[in-house]
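A.B. asks: Here it is, the structure in full.
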Amino acid sequence: AHSVSCLQSLVSKCREFPVSIFFIIINEFCERFSYYGMKAVLILYFKYFLHWEDNLATAIYHTFVALCYLTPILGAILADSWLGKFKTIVYLSIVYTIGQAVLSVGSINDLTDHDWNGTPDNLSLHIALSMIGLILIALGTGGIKPCVSAFGGDQFEDDQEEQRGTFFSLFYLAINCGSLLSTIVTPNLRAKECGIHTKQRCYPLAFGIPAILMAVALVVFIIGSKMYKKVKPQGNIMLQVCNCVGFAIVNRFQHRSKEFPKREHWLDWASEKYDKRLIAQTKMVLKVLFLYIPLPMFWALFDQQVKWKLFGLVIRAVYTLHTLRSLVIKIVNPILIVIMVPIVDSLIYPLIKKCKINFTPLRKMTVGMFLASMAFVAAALVQVQIDKTYPVFPAAGQTQIRLMNLGIFPATAQFQPQLQTVDVAPDEATGYMTFETSKLQSVHITSASVNKTEALHLLEGQRYTLAFKWNLTNINTNLISDLTSKPEEGKNLVRFINDFPYTVNVTMNYEVFGELPPFSVGNYSVVEGRKVPYLIEASWRYNRCTGRSKKFGFGSAYTISVDGCTNHTLDVTNFEDIAPNTVHMAWQIPQYFLLTCGEVVFSVTGLEFSYSQAPSNMKSVLQAGWLLAVAVGNIIVIIVAGASKLDKQWAEYVLFAALLLVVCILFAIMASFYTYVDPNEIEAQFSEEGKKKDKKAQDDNITEAEVDSRM
């Protein structure tokens, strides 16, 4: 009921919007679909099509993202100083569309695959086209970022403040709707196979659809051209502001002596050269930019969602299909944004207003920072639970080994020289034991009065299983190398060891694991997690036996011993090499919910605040400053993560949460000293003063003319 009333309230507000607004919102939806759709498969394109190493692919990816948030400064200068917002958006959207098209063409495998072997013959051409495309995309998307939201704000009259606030909420909603749909669509398009001569992952389609959406965004925006309210640029305002600030600093330094009277504001020292209107506008901009100083810390935490998505693959999933699990993790934030924006705008804020609480924009942003900090506390708590279930692998200078008794009698093993003695029951295995590699030399095994000493030549940092079996007068042994990392992306790994006295052919759910000689072990194969056991079949000569595996979870590894056959039923023993993930994915919901609430309160408000406190000729400049905070936030992540010596992920989350909490307190203190202004009112005062001066000058000229005529 609350959701329905929220939507009804939102619709009633939208009826008061200028018609031009809807062209801008549709344009933003299509552009964000284009950007996030391309971005969703970009790092996979680097890794699997261009065959770059992980480090290089990650570095280029983050460089591209940083460039996308640095170029808004260029777009803001063009819009406010030269072309105006409308022309800047149109021209840079054309550049953007060309960039998407070039990237799509560069991903066509058949472009240089002249020998039809499925591999590009001239990879350098594909790299060159891809880089050109990405540079054009960065210029386009970054250049229009500060202009579109500010251009939308320009469409409202001065007395439509409430409608303008609703517009910024809808604008943010359009961003996340585009992100949500593209994150679902483009990875699925990439998963398809396409090509003229050989079938490959369909990157041309995955990049081509975003290119088409960007072209649609451009066309929709141009269609609304005659309906837009277009504010003309007022010269190179950025240069004027910089010159004004520079002159004020130099002039103040030159008049630092006490004999010169102090002035109300340090920028007033520019009054000898610059008019009061420009000085007042510069004061407004610098006051807001000063408040922006702590903001990058929020975006530093927000961008850590990448790590949340990664450890989302380490926890137990809700769905049986891995693709669905990955998809759910990727779209949680956009889904929550789509739900929360109308609820916060039409329900939460009105309720707070009815309680007569003065919930100013800066207070909203402070609350958003606090919620983001708490989200990372929640993430740290979940990570602690994950770490409890995560296997401990050998460190440098160490080796881990376990014993697996496949015989019918219990056994006792002593690691030499006199390190440790363990008992092993039949058809059971010990846990992994950790030893210093240099000290472990051999193991002495005793089972049913039969002894054997097995020399151990082990490598540092490795895991081993020593499988053994009593055999009348001897003990057969097999030293097996084990995994030293948990299976990626929640996958399971399974291998078989043959406990039959003859060679058997093993299949599981009709997937062939190959022939296994007696007491030999096969290689690991990937097995999907599922709620029902797998069918295992062992065949030899003219015999066949079937049995059932255990139910596999996610992220586990097993060695399955094929022991015997009783009435055509296969006897198997499951040995757990790596335990499955046990923390449920639903435990991530609280942290996503807190971060999303923080984002809605912080980011939407920040966009509106940046617009409302900016002078008419510097709207895009402040929007660019807001976006620049995102780029600085990414740089903070790199610096903090690089400087941090923390080896635990939860500790890094706590570190970031503590940093944001400190920044939140600092921001709250800074915000308490901020005085809200109405740029239109201030500019109107200067306009009125200017008109009076002009009228006075005209009167003076008329008087002089009358005097001259009388003479």
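A.B. asks: Considering every residue within the stretch 452-468, establish whether at least one is farther than 25 Å from G397 by Cα, in contact (Cβ under 8 Å) with a residue 12 or more places away in the chain and more than 52 Å from the chain's Cα centre (by Cα). Lay out the reasoning, then the answer.
C.D. replies: First, pick out the residues of the stretch 452-468 that are farther than 25 Å from G397 by Cα: 452, 468.
Then drop every residue that is not in contact (Cβ under 8 Å) with a residue 12 or more places away in the chain, which leaves 452, 468.
Subsequent filtering for residues that are more than 52 Å from the chain's Cα centre (by Cα) retains 452.
Yes.
A.B. asks: On the given criteria, is V532 under 30 Å from K486 (Cα atoms), assigned to a loop (DSSP other than H, G, I, E, B) and of a type in the set (V, I, T)? It would help to see each step written out before you state the result.
C.D. replies: Numbers: under 30 Å from K486 (Cα atoms): yes; assigned to a loop (DSSP other than H, G, I, E, B): yes; of a type in the set (V, I, T): yes.
Yes; evaluated as a whole, the condition is true for this residue.
A.B. asks: Quick one: would you say F415 is within 45 Å of the chain's Cα centre (by Cα) and among the hydrophobic types (A, V, I, L, M, F, W, C)? It would help to see each step written out before you state the result.
C.D. replies: Details: within 45 Å of the chain's Cα centre (by Cα): no; among the hydrophobic types (A, V, I, L, M, F, W, C): yes.
Judged against the criteria, F415 is not a match.
A.B. asks: Condition first: open to solvent by less than 70 Å² (accessible area, probe 1.4 Å), farther than 13 Å from F609 by Cβ and of a type outside the set (F, W, Y). Now tell me which residues in the stretch 656-677 satisfy that. If you could, list the steps in order and put the result at the bottom.
C.D. replies: Start the filter on the stretch 656-677 by keeping residues that are open to solvent by less than 70 Å² (accessible area, probe 1.4 Å), which leaves 656-661, 663-664, 667-668, 670-671, 674, 677.
In the following step, the residues that additionally are farther than 13 Å from F609 by Cβ were identified as 656-661, 663-664, 668, 670.
Of everything in the stretch 656-677, those that are open to solvent by less than 70 Å² (accessible area, probe 1.4 Å), farther than 13 Å from F609 by Cβ and of a type outside the set (F, W, Y) turn out to be A657, A658, L659, L660, L661, V663, C664, A668, M670.
A.B. asks: Limited to the stretch 369-386, what total is found for residues that are open to solvent by less than 30 Å² (accessible area, probe 1.4 Å) and within 15 Å of A668 (Cβ to Cβ)?
C.D. replies: At the first step, the residues of the stretch 369-386 found to be open to solvent by less than 30 Å² (accessible area, probe 1.4 Å) are 369, 372-373, 375-376, 378-380, 382-383, 386.
Right, trim to within 15 Å of A668 (Cβ to Cβ) and you get 369, 372-373.
Matching residues across the stretch 369-386 total 3.
A.B. asks: Looking at F554, F602 in this structure, which one is among the aromatic types (F, W, Y) and either over 19 Å from the mean Cα position of the chain (by Cα) or not assigned by the TED database to the domain that holds A300 (or both)?
C.D. replies: Numbers: F602 fails: either over 19 Å from the mean Cα position of the chain (by Cα) or not assigned by the TED database to the domain that holds A300 (or both).
That would be F554, the only listed residue that is among the aromatic types (F, W, Y) and either over 19 Å from the mean Cα position of the chain (by Cα) or not assigned by the TED database to the domain that holds A300 (or both).
A.B. asks: Just checking: which of the strands (runs of 3 or more DSSP E) contained wholly in the stretch 537-608 hold 2 or more residues that are surrounded by fewer than 16 Cβ atoms within 10 Å (Cβ to Cβ) and among the acidic types (D, E)?
C.D. replies: Numbers: elements: 543-548, 557-566, 569-578.
Ranges flagged: 569-578.
A.B. asks: If a residue must be more than 17 Å from S20 (Cα to Cα), assigned to a helix (DSSP H, G or I) and not aliphatic (A, V, I, L, M), how many such residues does the stretch 111-160 contain? I'd like the intermediate steps shown before the answer.
C.D. replies: Step one: filter the stretch 111-160 for residues more than 17 Å from S20 (Cα to Cα), giving 111-146, 159.
Then drop every residue that is not assigned to a helix (DSSP H, G or I), which leaves 111, 123-146.
Applying the additional criterion that residues be not aliphatic (A, V, I, L, M) yields 124, 126, 130, 133, 140-143, 145-146.
Adding up the residues that qualify gives 10.
A.B. asks: Which pairs have Cβ atoms under 6 Å, sit 6 or more apart or on different chains, and link a residue in the stretch 249-261 that is part of a helix (DSSP H, G or I) to one that is open to solvent by less than 90 Å² (accessible area, probe 1.4 Å)?
C.D. replies: N251/W269; R252/W269
A.B. asks: Considering only residues that are open to solvent by 50 Å² or more (accessible area, probe 1.4 Å) and part of a strand (DSSP E or B), which ones fall in the stretch 387-413?
C.D. replies: Q398, T412
A.B. asks: Now for a separate question. Check S539 against each of (1) out of contact with any strand residue (DSSP E or B) (no Cβ under 8 Å at 6 or more places or on another chain); (2) polar (S, T, N, Q); (3) modelled with pLDDT of 90 or more and name the one condition it does not meet.
C.D. replies: (1)
A.B. asks: Moving to a separate point now. Pairs, please: C-beta under 9 Å, at least 6 apart or cross-chain, first residue under 17 Å from S616 (Cβ atoms) and in the stretch 62-84, second outside any helix (DSSP H, G or I) and among the basic types (K, R)?
C.D. replies: G84/K230; G84/K232
Yes or no, residue by residue, for (1) closer than 17 Å to N109 by Cα; (2) among the hydrophobic types (A, V, I, L, M, F, W, C); (3) open to solvent by 40 Å² or more (accessible area, probe 1.4 Å); (4) outside any helix (DSSP H, G or I):
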| site | (1), (2), (3), (4) |
| --- | --- |
| R32 | no, no, no, no |
| K39 | no, no, yes, no |
| L42 | yes, yes, no, no |
| F46 | yes, yes, no, no |
| L67 | no, yes, yes, no |
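A.B. asks: Shifting gears a bit: If you scan the stretch 612-634, which residues turn out to be open to solvent by less than 10 Å² (accessible area, probe 1.4 Å) and closer than 12 Å to F168 by Cβ?
C.D. replies: Q623, W626
A.B. asks: Sticking with this one: Given the structure, is T366 open to solvent by 10 Å² or more (accessible area, probe 1.4 Å) and either free of Cβ contacts under 8 Å to residues at least 12 places away in the same chain or under 24 Å from A658 (Cα atoms) (or both)?
C.D. replies: Values: open to solvent by 10 Å² or more (accessible area, probe 1.4 Å): yes; either free of Cβ contacts under 8 Å to residues at least 12 places away in the same chain or under 24 Å from A658 (Cα atoms) (or both): yes.
For T366, the condition - open to solvent by 10 Å² or more (accessible area, probe 1.4 Å) and either free of Cβ contacts under 8 Å to residues at least 12 places away in the same chain or under 24 Å from A658 (Cα atoms) (or both) - is met.
The values are calculated or read from the model by the stated rules, or taken from the named source; none is laboratory data. Everything numeric here is computed off the predicted structure, so don't read it as measured data. Heads up, the Cβs are rebuilt from the backbone with ideal geometry, glycines too, and the neighbour counts pull from every protein chain shown. Quick note on the areas: whole protein, heavy atoms, side chains included, nothing else; ligands and nucleic acids left out. Shrake-Rupley method; radii C 1.70, N 1.55, O 1.52, S 1.80 Å.
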